[in-house]
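Inspection log for the structure reproduced underneath, given as structure tokens.
Taken together, the values in this text are just the output of simple stated rules run on the coordinates, not laboratory data. Because the structure is predicted, anything quoted here is derived from the model rather than measured. Every residue, glycine as well, gets a Cβ built from its backbone with ideal geometry; the counts of neighbours run over all protein chains shown.
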Amino acid sequence: MKKISVLLFVLVLGLLLGGCGAKPYPKWKHIRKTDNQLKNPNFELVSDDTVPYFWAIKNMRSCSKEAEDGKFSVRGYSDTQRNSGKLSQNFDFVRRGFLLNDIQNGIYSIRFGGYQKGSLKADETGHMSVTFYDKNDKFVGKVVAKEQRLTNKWIKIDQMAKIPSNAYCAQFNFYVTKKNGSFEGPYVDNVFIYMVQTKKRKSVRGCHPYLYNATPSGTVLANGVKVYIKGWGYDATDGSRVEWDQEYPSPCFDDVPGRRGSPNAAWQGDFFLKGDEICFSANNLFSQYPPAHTLRGGYEVELVGATFSNGKTKKVIPMFSFRKRSKQHDFQHCEKIILK
Ligand SMILES: [Ca+2]
């Protein structure tokens, strides 16, 4: 009897969670800088309700009758009410490992395209585009694939475009429109965006700001605590303070600027709330010309509206210590705080 009720409970729970028969959301393999930056680019991963995974779609659907490659492509919805549709997917340059400095300096262009196919109907069109957004999700630019006369055969779109200097994120789009009746196409399959290095990087000398989305000093966190933060450095061999040539969020120290072109230590900082703690991170510690002395680095932090657990509002937070080249590159440290 007990067994049956447990079984029933599991069954009901399964139904409530909608887990019965539903496909689990697939994982996508790691995307390297040289890979196609789009996930599920050939639309072969499809949910039970004909939605291609990883894509945002409006009035579009997977189609299993016509495919340039594999089993599925995507096309306009075949009813008479909907006259336009859109398929899109975006990615963030920083998350894919690109430096915003490189984007700003026009080091990369994009190569985008894929296969598309029309129908014999004259009044329906489909076109590919890439739109760019800045780090506040504000639109900063768009490139549209050159108009091609669609036929009922697959044609390949393959085009290069510049990336706007303030772009943070790129979005691939495929739009379909028609005047009346139902869609017969247009179809799209096997799409791509590649990041192509089209310009040489100027050799880096000394400290250079590395722009990314760090929480700025002076930010008020969700618990109402205001945090001021700056870089802290200490030469533990001779007991002297290290003054940073460049401040938080990308502290950088170069004892002989321009000597061999690279700083002794440079990293990217950030901080965030985690329960009743404030956590600090120091990422990508870079020490190509490492100091001969033992170098300590971290932050000087001042809180407004809270204290550290010792009752004080100011504290030095050491994050790392190294001599010669640092082997570890990412550091995190959390501190309990007491709200006033
Ligand atoms: Ca396909």
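Listing for the model above:
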{"read-out": "Spin-label model distance (nm) - residue 123 vs residue 56, 7 Å beyond Cα toward Cβ", "value": "3.0"}
{"read-out": "Inverse mean reciprocal Cα-Cα distance (Kirkwood Rh) of segment 279-323, Å", "value": "12.4"}
{"read-out": "Kirkwood Rh, angstrom, segment 53-146 [1 / mean 1/r, Cα pairs]", "value": "16.0"}
{"read-out": "Descending semi-axes in Å of segment 219-339, equivalent ellipsoid built from Cα gyration tensor", "value": "28, 13, 12"}
{"read-out": "Pairwise label distance in nanometres, residue 95 with residue 330, each label 7 Å out on the Cα-Cβ vector", "value": "1.5"}
{"read-out": "Entries in 138/226; 86/117; 71/142; 33/71; 156/179; 86/178 that, when Cα-Cα distance is taken, lie over 19 Å", "value": "138/226; 71/142; 33/71; 156/179"}
{"read-out": "nm² value of the averaged projected area, convex hull over the Cα atoms of segment 81-199", "value": "7.7"}
{"read-out": "Inter-label distance for residue 139 and residue 222, nm, one decimal - labels placed 7 Å from Cα along Cα-to-Cβ", "value": "3.1"}
{"read-out": "Residues 279, 334 arranged by fewest to most Cβ contacts within 10 Å", "value": "279, 334"}
